[in-house]
1. What is the set of long-range amide H partners of SER173 at a cut-off below 5 Å, with H atoms built 1.01 Å from backbone N?
2. Is there a pair in LYS76/LYS162; LYS142/LYS285; LYS81/LYS105; LYS81/LYS285 whose C-alpha atoms are over 27 Å apart, and which pairs would that be?
3. Short version: ³J(HN,Hα) in whole Hz for each residue of the range 222-233, in order, from phi by Karplus 6.51 cos²θ - 1.76 cosθ + 1.60 (θ = phi - 60°), x for Gly and Pro, what are they?
4. Cα gyration tensor of the range 62-116, axes a ≥ b ≥ c as square roots of the eigenvalues: rounded (a/c below 1.5), prolate (a/b > b/c) or oblate?
5. Quick one: which of 78-87, 272-281 comes out on top by average Cβ neighbours within 10 Å, and what's the full order, highest first?
6. Could the peptides 45-55, 178-188, 127-137 be put in order, highest first, of the mean number of other beta-carbon atoms found within 10 Å of their residues?
7. Once you have the Cα-Cα distance between ARG138 and ASN102, take 0.36 nm times their residue separation minus that, and quote the gain in nm to one decimal.
Amino acid sequence: MQIYLPIAEVSVNAFLLLGLGGMVGILSGMFGVGGGFLMTPLLFFIGIPPAVAVATEANQIVASSFSGVLAHLRRKTVDLKMGTVLLVGGLIGAAVGVVIFNYLKSLGQVDLLVTLCYVVFLGVIGSLMFVESLRALRRVKKGTGGPAKRRQRGWVHSLPLKMRFRTSGLYISVIPPVVVGLCVGILSAIMGVGGGFIMVPAMIYLLGMPTKVVVGTSLFQIIFVTAFTTMLHATTNYTVDIVLAVLLLVGGVIGAQIGTVIGARMPAEQLRVLLAALVLVVCGKLALDLLLEPSELYSLGASGGH
């Protein structure tokens, strides 16, 4: 069933969009990521303009993340205090990111920027996560008690402005969480992602949060940052396609509930390996598209359009 997307100005199969939304929703519930790192490139692949894909996907992430957070709240695996601190940096970062996005859009370079950002970030993050996850699996097989213990004290603990986060069992400075949130907010605005693929490793390895509360806390922060990003894109760029967003939303909400159930039944080490492999596959496809000669060397469009 073909459906016309008015802002994207293309016709796409509605069931394909529902399926993509459901698949990314499952990932959201399983890994604690918004799913934008996978969905936005997939939208590129089916012909959605990058500027529209980035702005609209931020909207879809809100719904899938909200659905996932409800499940984690019932299990009491959300650190609301840490999530709020991360959110402060995230909102500032989102505003900065939209300014950068608008500037590059005016220069006509936003499509290239978005694709390059994906290749670089997904390549680096995916490689690091994959190597670390394989090491964790080997430790489990050897019976050494699972993942290596993280250092209890480090440079993070020596910074000022400390705050106690009881749910996470931490007493650390608020500066690292705010900086992490700031970076994720900028990425959310420029790349149309929730930032979970950076947020989750940072919360585990930089902030030292226990894995059981990382997923829910990450989703909590993602909801508000992506909602704010969507609002800014809709009011400044006019690139949010409502029809596309609704189809992705429906699939995403259903998928997130399924993903939460699956994630609760799988070992954390296996989840990280799967997430890293997905990140690397998407990175490889995007890099290939940049290097190969396109089927159409030129495209026509109105001046200032997307």
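A short reminder: the numbers here are calculations on the coordinates, not readings from a lab. Being a predicted model, the structure only gives us computed values, none of them experimental. Reconstructed Cβ throughout: ideal geometry from the backbone, glycine too, with neighbour counts over all protein chains shown.
1. Sorted by chain and number, the residues that satisfy this are LEU159, MET163.
2. On the way: LYS76/LYS162 24 Å; LYS142/LYS285 35 Å; LYS81/LYS105 36 Å; LYS81/LYS285 38 Å.
Too far apart for the 27 Å limit: LYS142/LYS285; LYS81/LYS105; LYS81/LYS285.
3. 4, 3, 6, 5, 6, 5, 5, 4, 4, 4, 5, 5
4. Since a/c reaches 1.5 and a/b is larger than b/c, the shape of the range 62-116 is classed as prolate.
5. So the peptides 78-87, 272-281, ranked by packing, come out 78-87, 272-281.
6. Ranked by mean Cβ neighbours within 10 Å, highest first: 178-188, 45-55, 127-137.
7. This chain segment gains 8.4 nm when fully extended.
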